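Read the figures in this text as sums done on the coordinates, not as results from a lab. Everything numeric here is computed off the predicted structure, so don't read it as measured data. Here the Cβ is made from the backbone with ideal geometry for all residues, glycine too, and neighbour counts use every protein chain on show.
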Amino acid sequence: MSKIFKRTKILATIGPAVNSFDAIYDLIDAGVNGCRLNFSHGNYEEREQQLKWIREASEKRKKNVAIIQDLQGPKIRLGELKDNHLLVKKDDELILDYMAKEHDGGMTLPVQYNLAEKVKVGDPVFIFDGKIKTKVIEIVSDTAIKLLVENDGFLMSKKGLNLPDTDFGGDIITEKDMRDIEWGVGKDFDFVALSFIQSVADIDNLRQILVSLGSNAQIIAKIETKKAIEDDEAMRAIVTSTDAIMVARGDMAVEAGAEVVPVVQRKLVEFCREQGKLCIVATQTMGSMVENPEPTRAEVNDVATAVIQGADVVMLSDETANGKYPIETVREMKKIILYTQNHIGVDKIDLVKHEQVDIVAHSAVRLAEKIEADLIVTETGSGLTATSVASHRPSMPIISVTSHQRVAQQLALMYANSAFVRAYTETYGLDLVKELKETGYLQGENLKVVIVSGHERKVGGADTIRLRII
């Protein structure tokens, strides 16, 4: 049983390379469990169509799929450059001006954020994913700053800027983000991802906005700033306050240094497991497959490491959004996940928890491992029971049954979970297993099943463990 279900899930970014119903269906069929819509690009008409295609493909494939609205946040970008290209050399001086409307080919460049209000002289500014390193040498005006270039290279239109030492003072939800949030409320988003998180206050602010607008989407905190990872206490606090974490390794490498990324990834996966929070490992997991039909050995090792650490999800960005081999990339990633999980165990960590649901979940997983159960079934209303069981990283699949479609879609990204929506009855977990066995979804005779449920139907109310042979 456990060998045919991948426990670490796959999240794919939707973009021009897969912008059709057939392509999205093929992604889901190949192994994708969630789709990310990147609101740094595209328009609402495109997003509306993509949402429709994802849900139609999910229904056709009979597989719950999570959808993430990924907000741009204060991702500061250059404006349009003349001929989309500007050569720069060491010791050149650039002026970034928020009020500049056009670029005439000179060294004054338009920028999509008023940096003069935030930066200080001496602050580093990395442009074009860190390819061009500069530092602030003068605040020229209320809207313009001057930079000293520290290496040769070139710039292109709309390339991003990273300012690792600049304090944005909690101002990370931009006017564009607010428009996108308001548009997204009422649409079928399961998660909202917030970029460039610096503190717990950023998450609390977004949660208040979502609640006030009537949204039941969960929050993904994207960890990519130096401030968010300044110490273990800061990281643990963010994990506690959010619903999920995305280890955004690309911007993190530029903001904090590439050398910190592996250690921060390991810590964040561990903190999420301790607290039963979803953890997504993102950025260039299979980056070479944007252009090539096979991954590098380093990429295979990267994905396998995330699986061994116990990440819930590994994410694809340009590989599926813009790559030449999006479906092949998903298939290769699935092969890596399955081989790794079936040949080596997940890293062990101590989960010291005292809530009733955690104690019951821990006992259920210990029992399932001891008797070599084929699967664990969780009956869950809010998803908490399923999440608690998953946090112990069982070596067998988890079948979750809930009466809420949104919960089932959110659980699509949770470790080892396959969620199903059924009307509540006192036996709907057991009934689901029988149904899945009759349809061939579950195969084998005399399946050992551990069922976790609660009688009071309240959040965290799991109080019963049953063993059944089906």
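Per-structure values
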{"quantity": "Distance cut-off 37 Å, percentage of C-alpha pairs in the chain lying past it", "calculated": "28"}
{"quantity": "Among 293-304, 57-68, the order from most to least packed when residues are scored by Cβ within 10 Å on average", "calculated": "57-68, 293-304"}
{"quantity": "22 Å Cα-Cα reach of LYS158 towards lysines, excluding residues that sit fewer than 8 places from it in its own chain", "calculated": "LYS75, LYS82, LYS89, LYS90, LYS101, LYS118, LYS131, LYS133, LYS135, LYS146, LYS176, LYS222"}
{"quantity": "DSSP-defined beta bridges in the chain - what % are antiparallel, rounded to 5", "calculated": "35"}
{"quantity": "Taking the chain and dividing mean pair separation by its residue count, relative contact order in percent (alpha carbons under 8 Å, at least six apart)", "calculated": "16"}
{"quantity": "Förster radius 30 Å - calculated FRET efficiency between HIS41 and PHE154, Cβ distance, rounded to 0.05", "calculated": "0.85"}
{"quantity": "Efficiency of FRET from Cβ geometry, GLU435 and ALA201, R₀ 45 Å, rounded to 0.05", "calculated": "0.45"}
{"quantity": "Ratio Rg/Rh [Cα only; Rh per Kirkwood] for the stretch 76-162", "calculated": "0.91"}
{"quantity": "Candidate lysines - alpha carbon under 20 Å from LYS6, same-chain residues fewer than 8 apart omitted", "calculated": "LYS62, LYS63, LYS277, LYS334, LYS335, LYS348, LYS437, LYS448"}
{"quantity": "Pairwise FRET efficiency - ALA100 versus ASP347, Cβ, R0 = 51 Å, nearest 0.05", "calculated": "0.50"}
{"quantity": "Separation of the PHE21 and PHE5 label points, Cα + 7 Å toward Cβ, nm", "calculated": "3.1"}
{"quantity": "Unit charges on C-beta of K, R, D, E only; dipole of the stretch 356-469, Debye", "calculated": "140"}
{"quantity": "Partnerless cysteines, meaning none of the other Cys C-beta atoms lie under 4.7 Å away, in the chain", "calculated": "CYS35"}
